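The values are calculated or read from the model by the stated rules, or taken from the named source; none is laboratory data. The structure displayed is predicted, hence computed values, not measured ones. Cβ sites come from the backbone with ideal geometry, for glycine too, and all protein chains shown count toward neighbours. In case anyone asks, the SASA skips ligands and DNA or RNA and just uses the protein heavy atoms, side chains included. Shrake-Rupley method; radii C 1.70, N 1.55, O 1.52, S 1.80 Å.
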Amino acid sequence: MDVKYNYLPEEFADTEEIFEEWKELISTTDFTLGHYVEEFEQIFASQIGSKHCISTNCGTDALILSMKAIGLGCGDEVITVANTFYATVGAIVACGATPVLVDSDERFQISVTEIEKAITKKTKAIVPVHWGGGSPEMLKIMRIAEEYRLAVIEDACMGIGALVNGRSPGTFGIVNAFSMHPLKSLNVMGDGGMVTTDNDDLAEFMKKYRNHGMVDRDHIEFWGVNMRLQPLQAIVAKHRLRRLEETLKRRNANASTLDSFLSQLFPLVSIPERLENCIETFALYMGLFDRRDELLLYLQDSGIEAKVHYPIPLHKQKAAKENCIVSQPLVNVENQANKLITLPVHQYLNQTHMEHIVDKVKTFYGQAL
Ligand SMILES: *Cc1c(COP(=O)(O)O)cnc(C)c1O
(Lines give C-alpha, C1' and ligand atoms only; values in the text may rest on other atoms or scores of the structure.)
Protein backbone atom coordinates (compact mmCIF):
# COMPACT_ATOMS: atom_id res chain seq x y z
CA MET A 1 0.00 0.00 0.00
CA ASP A 2 1.38 3.40 -0.96
CA VAL A 3 0.76 6.32 1.35
CA LYS A 4 1.49 9.48 -0.58
CA TYR A 5 2.35 12.81 0.92
CA ASN A 6 1.18 14.87 -2.04
CA TYR A 7 -2.58 15.13 -2.43
CA LEU A 8 -2.80 17.78 -5.14
CA PRO A 9 -3.94 15.46 -7.96
CA GLU A 10 -7.03 14.52 -5.86
CA GLU A 11 -7.48 18.03 -4.54
CA PHE A 12 -7.80 19.49 -8.00
CA ALA A 13 -9.44 16.58 -9.78
CA ASP A 14 -12.83 18.25 -9.73
CA THR A 15 -12.57 21.82 -10.96
CA GLU A 16 -15.74 22.22 -13.02
CA GLU A 17 -17.32 24.81 -10.71
CA ILE A 18 -14.12 26.80 -10.63
CA PHE A 19 -13.75 26.75 -14.41
CA GLU A 20 -17.34 27.98 -14.79
CA GLU A 21 -16.62 30.97 -12.60
CA TRP A 22 -13.30 31.57 -14.35
CA LYS A 23 -15.23 31.89 -17.61
CA GLU A 24 -17.40 34.59 -16.04
CA LEU A 25 -14.32 36.41 -14.83
CA ILE A 26 -12.66 36.18 -18.22
CA SER A 27 -15.75 37.64 -19.87
CA THR A 28 -15.61 40.64 -17.51
CA THR A 29 -11.78 41.00 -17.85
CA ASP A 30 -11.78 42.18 -14.22
CA PHE A 31 -8.18 41.00 -13.83
CA THR A 32 -6.81 43.49 -11.26
CA LEU A 33 -8.39 43.28 -7.80
CA GLY A 34 -12.11 43.94 -8.40
CA HIS A 35 -15.27 42.04 -7.55
CA TYR A 36 -13.96 38.48 -7.17
CA VAL A 37 -11.09 39.51 -4.93
CA GLU A 38 -13.33 41.65 -2.72
CA GLU A 39 -15.92 38.92 -2.48
CA PHE A 40 -13.33 36.42 -1.25
CA GLU A 41 -11.85 38.93 1.21
CA GLN A 42 -15.25 39.55 2.77
CA ILE A 43 -16.05 35.87 3.11
CA PHE A 44 -12.65 35.10 4.61
CA ALA A 45 -12.77 37.99 7.11
CA SER A 46 -16.16 36.91 8.36
CA GLN A 47 -15.17 33.23 8.64
CA ILE A 48 -12.03 34.09 10.59
CA GLY A 49 -13.82 36.61 12.76
CA SER A 50 -11.73 39.58 11.73
CA LYS A 51 -12.90 43.02 10.57
CA HIS A 52 -10.64 43.30 7.52
CA CYS A 53 -9.02 40.88 5.13
CA ILE A 54 -6.56 42.17 2.55
CA SER A 55 -5.50 39.50 0.11
CA THR A 56 -1.97 39.30 -1.27
CA ASN A 57 0.05 37.46 -3.85
CA CYS A 58 1.34 34.91 -1.31
CA GLY A 59 1.88 34.27 2.39
CA THR A 60 5.37 35.73 2.33
CA ASP A 61 3.93 38.98 0.97
CA ALA A 62 1.26 38.87 3.67
CA LEU A 63 4.01 38.72 6.30
CA ILE A 64 5.98 41.55 4.70
CA LEU A 65 2.82 43.65 4.33
CA SER A 66 1.92 43.11 8.01
CA MET A 67 5.39 44.12 9.12
CA LYS A 68 5.43 47.20 6.86
CA ALA A 69 2.03 48.19 8.22
CA ILE A 70 3.29 48.46 11.80
CA GLY A 71 6.44 50.19 10.62
CA LEU A 72 9.07 47.55 11.38
CA GLY A 73 12.43 48.51 9.96
CA CYS A 74 16.11 48.99 10.52
CA GLY A 75 17.26 48.55 14.13
CA ASP A 76 14.06 46.82 15.26
CA GLU A 77 14.34 43.35 16.78
CA VAL A 78 11.58 40.87 16.01
CA ILE A 79 11.31 37.69 18.05
CA THR A 80 10.28 34.51 16.28
CA VAL A 81 10.95 30.80 16.52
CA ALA A 82 13.86 28.94 14.88
CA ASN A 83 11.68 26.09 13.61
CA THR A 84 9.52 27.78 11.07
CA PHE A 85 9.47 28.09 7.31
CA TYR A 86 12.13 30.33 5.77
CA ALA A 87 9.57 33.00 4.88
CA THR A 88 8.88 34.05 8.48
CA VAL A 89 12.48 35.11 8.93
CA GLY A 90 12.91 36.21 5.30
CA ALA A 91 10.02 38.65 5.71
CA ILE A 92 11.60 40.23 8.81
CA VAL A 93 14.88 40.67 6.94
CA ALA A 94 13.05 42.02 3.86
CA CYS A 95 11.68 44.82 6.07
CA GLY A 96 15.19 45.67 7.26
CA ALA A 97 14.51 44.46 10.81
CA THR A 98 16.57 41.93 12.79
CA PRO A 99 15.16 38.45 13.49
CA VAL A 100 15.78 37.08 16.98
CA LEU A 101 15.43 33.31 16.89
CA VAL A 102 14.23 31.53 20.02
CA ASP A 103 13.67 27.91 20.98
CA SER A 104 10.49 25.90 20.54
CA ASP A 105 8.57 24.07 23.24
CA GLU A 106 7.77 20.34 23.37
CA ARG A 107 4.87 20.89 20.96
CA PHE A 108 7.11 22.37 18.23
CA GLN A 109 5.67 25.84 18.96
CA ILE A 110 7.51 28.99 19.99
CA SER A 111 8.47 28.77 23.67
CA VAL A 112 6.72 31.41 25.73
CA THR A 113 9.46 31.55 28.37
CA GLU A 114 12.16 31.93 25.71
CA ILE A 115 10.26 34.87 24.19
CA GLU A 116 10.40 36.72 27.47
CA LYS A 117 14.14 36.06 27.88
CA ALA A 118 14.87 37.44 24.41
CA ILE A 119 13.22 40.83 24.91
CA THR A 120 15.59 43.82 24.79
CA LYS A 121 15.15 47.58 24.43
CA LYS A 122 15.19 47.15 20.67
CA THR A 123 12.42 44.54 20.56
CA LYS A 124 9.39 45.83 18.64
CA ALA A 125 7.37 42.75 17.78
CA ILE A 126 6.79 39.06 18.36
CA VAL A 127 5.92 36.81 15.43
CA PRO A 128 4.42 33.60 16.85
CA VAL A 129 4.06 30.93 14.18
CA HIS A 130 1.17 28.46 14.10
CA TRP A 131 3.73 25.84 13.16
CA GLY A 132 2.47 22.77 11.38
CA GLY A 133 -1.08 23.98 11.93
CA GLY A 134 -0.89 23.64 15.71
CA SER A 135 -0.77 26.79 17.78
CA PRO A 136 1.51 28.37 20.34
CA GLU A 137 0.06 29.54 23.65
CA MET A 138 -1.46 32.67 22.17
CA LEU A 139 -3.10 34.00 25.34
CA LYS A 140 0.20 33.90 27.25
CA ILE A 141 2.02 35.50 24.32
CA MET A 142 -0.56 38.31 24.19
CA ARG A 143 -0.05 38.92 27.91
CA ILE A 144 3.72 39.24 27.46
CA ALA A 145 3.24 41.54 24.47
CA GLU A 146 0.95 43.76 26.50
CA GLU A 147 3.33 43.90 29.44
CA TYR A 148 6.31 44.90 27.27
CA ARG A 149 4.23 46.95 24.78
CA LEU A 150 5.19 44.84 21.78
CA ALA A 151 3.21 44.26 18.62
CA VAL A 152 2.16 40.70 17.76
CA ILE A 153 2.01 39.56 14.16
CA GLU A 154 0.81 35.98 13.87
CA ASP A 155 2.29 33.84 11.14
CA ALA A 156 -0.92 31.88 10.63
CA CYS A 157 0.16 30.63 7.19
CA MET A 158 -0.48 27.01 8.19
CA GLY A 159 -3.38 27.80 10.49
CA ILE A 160 -6.41 28.39 8.27
CA GLY A 161 -9.36 26.59 9.86
CA ALA A 162 -7.61 25.94 13.17
CA LEU A 163 -8.93 27.09 16.55
CA VAL A 164 -7.05 28.29 19.64
CA ASN A 165 -9.22 28.69 22.73
CA GLY A 166 -12.21 28.86 20.43
CA ARG A 167 -10.70 31.57 18.21
CA SER A 168 -9.12 31.39 14.78
CA PRO A 169 -5.40 31.95 14.40
CA GLY A 170 -4.98 35.43 12.96
CA THR A 171 -7.39 37.09 15.41
CA PHE A 172 -4.95 37.66 18.28
CA GLY A 173 -2.22 39.84 16.80
CA ILE A 174 -2.67 43.40 15.58
CA VAL A 175 -2.15 42.21 12.03
CA ASN A 176 -1.68 38.64 10.86
CA ALA A 177 -0.66 36.64 7.82
CA PHE A 178 -2.06 33.58 6.03
CA SER A 179 -0.95 31.54 3.02
CA MET A 180 -2.90 29.63 0.38
CA HIS A 181 0.11 27.82 -1.05
CA PRO A 182 -1.02 24.47 -2.54
CA LEU A 183 0.09 22.54 0.56
CA LYS A 184 -1.76 24.67 3.14
CA SER A 185 -5.17 23.81 4.57
CA LEU A 186 -6.85 26.28 2.22
CA ASN A 187 -5.14 26.14 -1.14
CA VAL A 188 -5.23 27.73 -4.55
CA MET A 189 -3.73 26.70 -7.89
CA GLY A 190 -0.50 28.56 -7.35
CA ASP A 191 0.15 31.29 -4.81
CA GLY A 192 -2.12 33.35 -2.64
CA GLY A 193 -2.17 34.90 0.81
CA MET A 194 -3.98 37.33 3.03
CA VAL A 195 -3.64 39.61 5.99
CA THR A 196 -6.30 40.12 8.64
CA THR A 197 -6.71 42.98 11.10
CA ASP A 198 -9.38 44.75 13.12
CA ASN A 199 -7.51 48.03 12.80
CA ASP A 200 -9.05 50.41 10.21
CA ASP A 201 -5.93 52.53 9.71
CA LEU A 202 -3.66 49.54 9.19
CA ALA A 203 -6.18 48.06 6.75
CA GLU A 204 -6.29 51.32 4.77
CA PHE A 205 -2.49 51.44 4.61
CA MET A 206 -2.19 47.81 3.52
CA LYS A 207 -4.82 48.11 0.78
CA LYS A 208 -2.84 50.98 -0.69
CA TYR A 209 0.64 49.55 -0.10
CA ARG A 210 -0.14 46.27 -1.88
CA ASN A 211 -1.29 48.34 -4.89
CA HIS A 212 1.58 50.83 -5.40
CA GLY A 213 0.34 53.25 -2.73
CA MET A 214 -2.42 54.22 -5.16
CA VAL A 215 -5.41 56.27 -4.07
CA ASP A 216 -6.78 56.22 -7.61
CA ARG A 217 -5.37 55.75 -11.09
CA ASP A 218 -3.63 59.13 -11.17
CA HIS A 219 -2.57 59.60 -7.54
CA ILE A 220 -0.28 57.78 -5.16
CA GLU A 221 -0.04 58.64 -1.50
CA PHE A 222 3.24 56.83 -0.77
CA TRP A 223 5.55 54.37 -2.49
CA GLY A 224 4.12 50.90 -2.44
CA VAL A 225 4.54 47.66 -4.36
CA ASN A 226 2.39 45.16 -6.23
CA MET A 227 1.36 42.31 -3.92
CA ARG A 228 -2.10 41.72 -5.37
CA LEU A 229 -3.93 38.39 -5.30
CA GLN A 230 -4.93 37.21 -8.76
CA PRO A 231 -8.74 37.18 -9.25
CA LEU A 232 -8.40 33.69 -10.79
CA GLN A 233 -7.00 32.50 -7.46
CA ALA A 234 -9.62 34.40 -5.45
CA ILE A 235 -12.21 32.25 -7.20
CA VAL A 236 -10.31 29.04 -6.41
CA ALA A 237 -9.99 30.15 -2.79
CA LYS A 238 -13.70 30.88 -2.44
CA HIS A 239 -14.61 27.40 -3.69
CA ARG A 240 -11.98 25.65 -1.59
CA LEU A 241 -13.11 27.49 1.52
CA ARG A 242 -16.41 25.57 1.34
CA ARG A 243 -14.50 22.32 1.79
CA LEU A 244 -12.28 23.47 4.60
CA GLU A 245 -14.32 22.07 7.46
CA GLU A 246 -14.56 18.63 5.86
CA THR A 247 -10.85 18.70 5.01
CA LEU A 248 -9.92 19.42 8.60
CA LYS A 249 -12.35 16.85 9.96
CA ARG A 250 -10.66 14.12 7.92
CA ARG A 251 -7.15 15.25 8.78
CA ASN A 252 -8.02 15.40 12.46
CA ALA A 253 -9.51 11.89 12.34
CA ASN A 254 -6.32 10.58 10.72
CA ALA A 255 -4.13 12.44 13.19
CA SER A 256 -6.02 11.12 16.17
CA THR A 257 -5.66 7.53 14.89
CA LEU A 258 -1.89 8.05 14.66
CA ASP A 259 -1.85 9.78 18.06
CA SER A 260 -3.56 6.93 19.82
CA PHE A 261 -1.36 4.17 18.38
CA LEU A 262 1.97 5.99 18.23
CA SER A 263 1.73 7.39 21.75
CA GLN A 264 1.85 3.77 22.99
CA LEU A 265 5.38 3.56 21.60
CA PHE A 266 6.73 6.18 24.00
CA PRO A 267 9.66 6.71 24.64
CA LEU A 268 10.74 5.41 21.20
CA VAL A 269 8.16 7.73 19.70
CA SER A 270 7.08 11.02 21.18
CA ILE A 271 3.89 12.71 19.99
CA PRO A 272 3.19 16.30 21.05
CA GLU A 273 0.49 16.99 23.59
CA ARG A 274 -2.78 18.24 22.06
CA LEU A 275 -4.23 21.22 23.88
CA GLU A 276 -7.86 21.45 24.92
CA ASN A 277 -10.09 23.90 23.06
CA CYS A 278 -7.78 23.73 20.07
CA ILE A 279 -8.23 22.37 16.57
CA GLU A 280 -5.14 21.83 14.45
CA THR A 281 -4.96 21.87 10.65
CA PHE A 282 -2.28 19.15 10.57
CA ALA A 283 -0.51 20.92 7.74
CA LEU A 284 2.30 18.85 9.26
CA TYR A 285 1.79 15.78 11.46
CA MET A 286 5.03 15.70 13.43
CA GLY A 287 6.49 13.31 15.95
CA LEU A 288 9.93 12.57 17.37
CA PHE A 289 11.28 9.12 16.55
CA ASP A 290 14.26 7.18 17.85
CA ARG A 291 16.75 6.19 15.11
CA ARG A 292 15.06 8.74 12.90
CA ASP A 293 17.21 8.44 9.78
CA GLU A 294 16.88 4.64 9.65
CA LEU A 295 13.14 4.75 10.26
CA LEU A 296 12.66 7.44 7.63
CA LEU A 297 14.37 5.30 5.00
CA TYR A 298 12.45 2.23 6.12
CA LEU A 299 9.12 4.04 5.80
CA GLN A 300 10.05 5.50 2.43
CA ASP A 301 11.14 2.06 1.18
CA SER A 302 7.77 0.73 2.36
CA GLY A 303 5.92 3.23 0.16
CA ILE A 304 5.09 5.66 2.98
CA GLU A 305 6.10 9.12 1.91
CA ALA A 306 7.40 10.42 5.23
CA LYS A 307 9.35 13.68 5.33
CA VAL A 308 11.27 15.96 7.67
CA HIS A 309 10.24 19.60 8.21
CA TYR A 310 13.10 20.52 8.42
CA PRO A 311 16.41 18.72 8.89
CA ILE A 312 18.44 21.97 9.16
CA PRO A 313 17.10 24.44 11.72
CA LEU A 314 17.07 28.07 10.58
CA HIS A 315 19.87 29.25 12.86
CA LYS A 316 22.20 26.69 11.22
CA GLN A 317 21.47 27.92 7.70
CA LYS A 318 24.15 29.87 5.90
CA ALA A 319 21.69 32.77 5.57
CA ALA A 320 21.42 33.07 9.36
CA LYS A 321 25.07 34.02 9.72
CA GLU A 322 24.07 37.52 8.73
CA ASN A 323 21.18 39.48 10.20
CA CYS A 324 20.00 36.96 12.79
CA ILE A 325 20.39 37.06 16.54
CA VAL A 326 20.34 33.66 18.23
CA SER A 327 20.09 34.55 21.87
CA GLN A 328 20.41 31.18 23.57
CA PRO A 329 21.11 27.53 22.78
CA LEU A 330 18.13 26.16 20.88
CA VAL A 331 17.96 22.80 22.62
CA ASN A 332 14.48 21.74 21.55
CA VAL A 333 14.78 23.00 17.99
CA GLU A 334 18.00 21.04 17.52
CA ASN A 335 16.68 17.90 19.15
CA GLN A 336 13.54 18.12 17.01
CA ALA A 337 15.53 18.61 13.80
CA ASN A 338 17.42 15.40 14.61
CA LYS A 339 14.44 13.25 15.57
CA LEU A 340 11.51 14.67 13.68
CA ILE A 341 9.46 12.81 11.08
CA THR A 342 6.43 14.29 9.32
CA LEU A 343 3.85 11.65 8.41
CA PRO A 344 1.12 11.95 5.77
CA VAL A 345 -2.36 12.49 7.29
CA HIS A 346 -4.05 14.45 4.49
CA GLN A 347 -7.75 14.42 3.70
CA TYR A 348 -7.50 11.77 0.97
CA LEU A 349 -6.08 9.18 3.35
CA ASN A 350 -8.15 7.08 5.76
CA GLN A 351 -7.97 4.79 8.77
CA THR A 352 -6.48 1.93 6.72
CA HIS A 353 -3.58 4.12 5.61
CA MET A 354 -3.01 5.24 9.19
CA GLU A 355 -2.98 1.66 10.49
CA HIS A 356 -0.53 0.76 7.75
CA ILE A 357 1.82 3.53 8.90
CA VAL A 358 1.53 2.38 12.53
CA ASP A 359 2.12 -1.21 11.47
CA LYS A 360 5.35 -0.27 9.70
CA VAL A 361 6.59 1.86 12.59
CA LYS A 362 5.92 -1.02 15.00
CA THR A 363 7.63 -3.51 12.72
CA PHE A 364 10.64 -1.23 12.55
CA TYR A 365 10.89 -1.11 16.33
CA GLY A 366 10.33 -4.86 16.48
CA GLN A 367 6.89 -4.90 18.05
CA ALA A 368 3.97 -6.88 16.64
CA LEU A 369 0.74 -4.97 16.00
C1 LIG B 1 3.92 28.58 3.79
C2 LIG B 1 4.41 29.42 4.86
C3 LIG B 1 4.82 30.74 4.63
C4 LIG B 1 4.93 31.33 3.26
O5 LIG B 1 3.78 31.31 2.52
P6 LIG B 1 3.86 31.39 0.91
O7 LIG B 1 2.43 31.54 0.51
O8 LIG B 1 4.47 30.13 0.43
O9 LIG B 1 4.65 32.58 0.56
C10 LIG B 1 5.23 31.48 5.73
N11 LIG B 1 5.23 30.97 6.96
C12 LIG B 1 4.84 29.70 7.22
C13 LIG B 1 4.83 29.20 8.63
C14 LIG B 1 4.43 28.89 6.18
O15 LIG B 1 4.07 27.63 6.45
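If you go through the stretch 248-305 and keep only what is outside any loop (DSSP other than H, G, I, E, B), touching a helix residue (DSSP H, G or I) at 6+ places or on another chain (Cβ under 8 Å) and of a type in the set (D, E), you end up with just E294. Out of V333, V345, one residue alone is assigned to a loop (DSSP other than H, G, I, E, B) and crowded, with 20+ Cβ neighbours inside 10 Å. It is V345.
How many of the residues in the stretch 254-283 are open to solvent by less than 10 Å² (accessible area, probe 1.4 Å) and touching a strand residue (DSSP E or B) at 6+ places or on another chain (Cβ under 7 Å)? Qualifying residue count for the region: 4.
Give me the residue from the stretch 79-91 that is assigned to a helix (DSSP H, G or I) and crowded, with 24+ Cβ neighbours inside 10 Å and, out of that set, farthest from the ligand (Cβ to nearest atom).
V89
Restricting to the stretch 61-78, and then to whatever is more than 15 Å from the ligand (Cβ to nearest atom) and hydrophobic (A, V, I, L, M, F, W, C), can you tell me which residue is nearest to V195 (Cα to Cα)? It comes out as A69. All of E106, E146 fail the test of being outside any loop (DSSP other than H, G, I, E, B), over 17 Å from the mean Cα position of the chain (by Cα) and not β-branched (V, I, T), apart from E146. Would you check if there is a residue in the stretch 176-195 being in a loop (DSSP other than H, G, I, E, B), away from the ligand (no atom under 15 Å from the Cβ) and either closer than 27 Å to K249 by Cα or charged (D, E, K, R) (or both)? No, that holds for no residue.
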